[in-house]
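See below for the structure under consideration.
The values are calculated or read from the model by the stated rules, or taken from the named source; none is laboratory data. Since the model is a prediction, treat every value here as computed from it, not as a measurement. Because the Cβ atoms are built from the backbone with ideal geometry, glycine has one as well, and the counts that use them run over all protein chains shown. Heads up: the accessible areas ignore ligands, DNA and RNA and are worked out on the full protein's heavy atoms, side chains in. Shrake-Rupley method; radii C 1.70, N 1.55, O 1.52, S 1.80 Å.
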Amino acid sequence: MNIAIFAYSKQGCATARNIASYFAGETLRKFTVARLEQSDFENIPRPSSAFYGEQFSWANAMIFISSCGVAVREIAPHIQDKRTDPAVLVIDELGSFIIPLLSGHIGGANDLAKALAAALNATAVITTATDINNRFSVDAWAVKKGYVIGNMKTAKAVSAAILEGNVPISSDFTVAAALPNGLIHGEAGKIGIYVGYQKKAIYGQTLHIFPPVLHVGIGCRKGASAQTIGQAVAAVLEEHHLDRRSVKCVASIDLKANEPGLTEFAKKNNWELHCYSAEQLMELRGEYTASSFVQRIAGVDTVCERAAMMGADHLIVKKTAINGVTVAVAAENMEVSFA
């Protein structure tokens, strides 16, 4: 985690040092104005607009030991998207109050403020409506779990609806019986939350939450291009109404570990590529679509189905051959929980 702390007085620098001790093991930079001459701080240059823009891009969290006005003026030109903006917190120079100013949920500013307040014996000043009303925050929960939010506009509409009443949630997986305030079990309603890997429109307005649970197994001819592989995978996902945002990894046999098209395809999509030996693949129990040709060449009866099942729990798409590429998809089991 990259942390940037900004202080503008000697007392603020002392508070910054105290805060910095909380982040042991993290990458942390402390900044102050040149006139304070603090040997353990970097200088804030003038003019400073480009400087704060650089820190805004670099940091996961920006902590201002200052008034809210100072922080607002410095970050305002650089705010872009709540999905990517860093957490921004303001702390008074005595370290008494900690205010999450930006990215309270997705960026984690609210949780960071609470943690710092507990460590520093300070007061966290939380202003987001779902938090102060003790209602479920779908964006904070999704980020905490490592899930992908399908549409931020719909997420905002869900949060507004939760403040007014209860919103239904459904899933392809088991949903915990005990739900947080603002959610109910149900598959009907004007607006609701669906947690899964399929493209489903369950409610009048459906917020899709995609957990990374899909393993895409791939077999391919030597020299298959990244484009050819990508087209085959995209066709399979589309045919079975599977959303690519739920793909966790791609997998194949170790004979393909250095296949340029396959490695390029995985890298382009930011998916991990896992390759297994024939022996590892053959150890998997179950019924698979066998090929005598693949058995002779690779030493395993099928590559894509067995590779997809490595680390997964059930096969949801059997071997599909498209232009010299074979694709299979498996899914992990999970429970939708709120702990």
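A few points about this structure:
- The residue of segment 313-325 that is least open to solvent (accessible area, probe 1.4 Å), among those that are in a loop (DSSP other than H, G, I, E, B) and touching a helix residue (DSSP H, G or I) at 6+ places or on another chain (Cβ under 8 Å), is GLY324.
- Top-ranked residue in segment 13-26 [being of a type in the set (A, V, I, L, M), part of a helix (DSSP H, G or I) and without any contact (Cβ under 8 Å) to a residue 60 or more places away in the chain; ranked as most open to solvent (accessible area, probe 1.4 Å)]: ALA14
- Matching residues in segment 260-269 - criterion: being open to solvent by 80 Å² or more (accessible area, probe 1.4 Å) and within 19 Å of PRO212 (Cβ to Cβ): LYS267, LYS268
- When restricted to residues that are of a type in the set (S, T, N, Q), closer than 13 Å to LEU102 by Cα and either in contact with a strand residue (DSSP E or B) (Cβ under 6 Å, 6 or more places away or on another chain) or at pLDDT 95 or above (or both), segment 49-80 contains 1.
- Residue that is nearest to ALA142 (Cα to Cα), among those in segment 165-179 that are touching a residue at least 40 places away in the same chain (Cβ under 8 Å) and among the polar types (S, T, N, Q): SER171
- Here ALA251 fits the description: under 30 Å from the mean Cα position of the chain (by Cα) and under 15 Å from ALA330 (Cβ atoms).
- Residue within segment 14-37 that is over 17 Å from ILE98 (Cα atoms) and in contact with a Pro (Cβ under 9 Å, 6 or more places away or on another chain) present: yes
- Of all residues making up segment 235-259, the number that are more than 14 Å from LEU281 (Cα to Cα) and open to solvent by less than 90 Å² (accessible area, probe 1.4 Å): 12
- Some residue of segment 220-233 being open to solvent by 10 Å² or more (accessible area, probe 1.4 Å), at pLDDT 95 or above and farther than 17 Å from ASN323 by Cα: no
- Candidate set: segment 270-312, residues that are at pLDDT 80 or above, of a type outside the set (D, E, K, R) and open to solvent by 70 Å² or more (accessible area, probe 1.4 Å); chosen: the one farthest from PRO260 (Cα to Cα): MET282
- Some residue of segment 27-41 being outside any strand (DSSP E or B) and closer than 21 Å to LYS114 by Cα: no
- Some residue of segment 326-339 being among the hydroxyl-bearing types (Ser, Thr, Tyr), touching an Asp or Glu at 6+ places or on another chain (Cβ under 9 Å), part of a strand (DSSP E or B) and touching a residue at least 12 places away in the same chain (Cβ under 8 Å): yes
- Sole exception among (1) in contact (Cβ under 8 Å) with a residue 24 or more places away in the chain; (2) open to solvent by 70 Å² or more (accessible area, probe 1.4 Å) for SER39, by number: (1)
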